[in-house]
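Structure first, then comments.
The values are calculated or read from the model by the stated rules, or taken from the named source; none is laboratory data. On a predicted model such as this, the values are computed, not experimentally measured, just so you know. Every residue, glycine as well, gets a Cβ built from its backbone with ideal geometry; the counts of neighbours run over all protein chains shown. These area figures cover heavy atoms from the full protein model, side chains too; ligands, DNA and RNA do not enter into them. Shrake-Rupley method; radii C 1.70, N 1.55, O 1.52, S 1.80 Å.
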Amino acid sequence: MPRSTPNFDQAYKKLNDAQRQAVDTIEGPVLVLAGPGTGKTQILTTRIANILKETDTDPGSILALTFTEAATKEMRSRLIDLIGQDGYFVKVSTFHSFCADIIAENPERFSKPSGLQNNTKKKKIQIISDILEHNSYTLLKPVGDPLFYVPYILGSLSDLKREGFPVDKYRQLVSIQKDEFEIQKEELSKTALLDKEKNLNKNLDLLDIYEKYQNKLQELGRFDFDDMINWVVEAFESDSDFLLGYQEKFQYLLVDEYQDTNSAQNRL
């Protein structure tokens, strides 16, 4: 069992009561909500160190996920500083890399057409631009600058995929929003009504663009890097035994994620 280190003791003493409670919780889920730069990553790495200090857990059975390579390097560095060489054996990965590993480990389950290519940024822009050029949209195609929203649309599609909303789930979400609007609209003030109607129309536009974008990717034999996350999520949701295999492999899952207070569908 790894022993306490001076660096761990020092880091632990700097925690406030709420942070210490999160670190001290060895079993069960823990949710830490805080803004950027408030020490979430430090809490997460200190909790990993504490799990290894207080239990006989194999470092390789701990999975820590984040969204950027820079964040994985930072997390790994902090772990090594806190617990020494055991920090090298904790599985620290981006969501994309972890999903890529799962897909590579299970080729029979994730059999994609041969020659399927990862989409490039240039090709993404081209596809969205073509969709906007050949279709009419209420709010996402300004008359004076029809391509103005291209970067925002690409960002929103990426966010939706990363947050687990493929086209079918996003369609359900927009449908719920539409139903809620119809129920509430008689009780809304004029300003609130206009705001909600505008937001709904943007989401309806985005849904149509999303559908056309995914169809075009399939036609071209391409995929977005973010699509891999949804492929793995769908596999886990459809096969409990497949999910159980990875749950048994990784005894602890810790996620370091920055989440905007605005959901992806409200970001445009």
Can you list residue pairs whose Cβ atoms sit under 7 Å apart, with the first residue in segment 183-203 being under 17 Å from Tyr137 (Cα atoms) and open to solvent by less than 70 Å² (accessible area, probe 1.4 Å) and the second being β-branched (Val, Ile, Thr) and assigned to a helix (DSSP H, G or I)? Count only pairs 6 or more apart in sequence or on different chains.
Asn203/Val174
Would you pick out the residues in segment 56-73 that are among the small types (Gly, Ala, Ser), assigned to a helix (DSSP H, G or I) and under 18 Å from the mean Cα position of the chain (by Cα)?
Ala70, Ala71
Hits in segment 18-47 - residues which are of a type in the set (D, E, K, R) and surrounded by 10 or more Cβ atoms within 10 Å (Cβ to Cβ):
Arg20, Asp24, Lys40, Arg47
Is there any pair linking a residue in segment 132-159 that is within 27 Å of Thr68 (Cα to Cα) to one that is among the polar types (S, T, N, Q) and modelled with pLDDT of 95 or more, with Cβ under 8 Å and at least six apart or on different chains, and which?
Val150/Ser129
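Yes/no matrix, rows are residues, columns are (1) among the hydrophobic types (A, V, I, L, M, F, W, C); (2) exposed (fewer than 13 other Cβ atoms within 10 Å of the Cβ); (3) closer than 21 Å to Ile26 by Cα:
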| site | (1), (2), (3) |
| --- | --- |
| Glu54 | no, no, yes |
| Pro59 | no, no, yes |
| Arg76 | no, no, yes |
| Lys122 | no, yes, no |
| Leu147 | yes, no, no |
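Would you be able to tell me the number of residues in segment 149-158 that are within 30 Å of Ala235 (Cβ to Cβ) and open to solvent by 70 Å² or more (accessible area, probe 1.4 Å)? Full working, then the answer.
The initial filter retains those residues of segment 149-158 that are within 30 Å of Ala235 (Cβ to Cβ), namely 153-158.
From what's left, open to solvent by 70 Å² or more (accessible area, probe 1.4 Å): none.
Final tally of qualifying residues: 0.
Here is a check on your reading of the model: is Tyr246 within 30 Å of Ile26 (Cβ to Cβ), under 21 Å from the mean Cα position of the chain (by Cα) and of a type outside the set (A, V, I, L, M, F, W, C)? If you could, list the steps in order and put the result at the bottom.
On the way: within 30 Å of Ile26 (Cβ to Cβ): yes; under 21 Å from the mean Cα position of the chain (by Cα): yes; of a type outside the set (A, V, I, L, M, F, W, C): yes.
So Tyr246 passes the test.
Condition test on Ala18, is it hydrophobic (A, V, I, L, M, F, W, C) and without any contact (Cβ under 8 Å) to a residue 24 or more places away in the chain?
Details: hydrophobic (A, V, I, L, M, F, W, C): yes; without any contact (Cβ under 8 Å) to a residue 24 or more places away in the chain: yes.
Against the criterion (hydrophobic (A, V, I, L, M, F, W, C) and without any contact (Cβ under 8 Å) to a residue 24 or more places away in the chain), Ala18 qualifies.
Restricting attention to segment 32-52, does a residue exist that is closer than 21 Å to Phe250 by Cβ, part of a loop (DSSP other than H, G, I, E, B), more than 18 Å from the chain's Cα centre (by Cα) and of a type in the set (D, E, K, R)? It would help to see each step written out before you state the result.
If we filter segment 32-52 for residues that are closer than 21 Å to Phe250 by Cβ, which is where we start, we get 32, 40-41, 43-52.
In the following step, the residues that additionally are part of a loop (DSSP other than H, G, I, E, B) were identified as 32.
Next, from what is left, pick out any that are more than 18 Å from the chain's Cα centre (by Cα): none.
No, segment 32-52 contains no residue that is closer than 21 Å to Phe250 by Cβ, part of a loop (DSSP other than H, G, I, E, B), more than 18 Å from the chain's Cα centre (by Cα) and of a type in the set (D, E, K, R).
Take the residues of segment 128-145 that are open to solvent by 60 Å² or more (accessible area, probe 1.4 Å) and under 29 Å from the mean Cα position of the chain (by Cα): which is farthest from Asp224 (Cα to Cα)? Walk me through it before giving the result.
Going through segment 128-145, the residues open to solvent by 60 Å² or more (accessible area, probe 1.4 Å) turn out to be 130, 133-134, 136, 138, 143-145.
After this cut, where a residue has to be under 29 Å from the mean Cα position of the chain (by Cα) as well, the list is 130, 138.
Values: Asp130: 17, Thr138: 26 Å.
The extreme case among them is Thr138.
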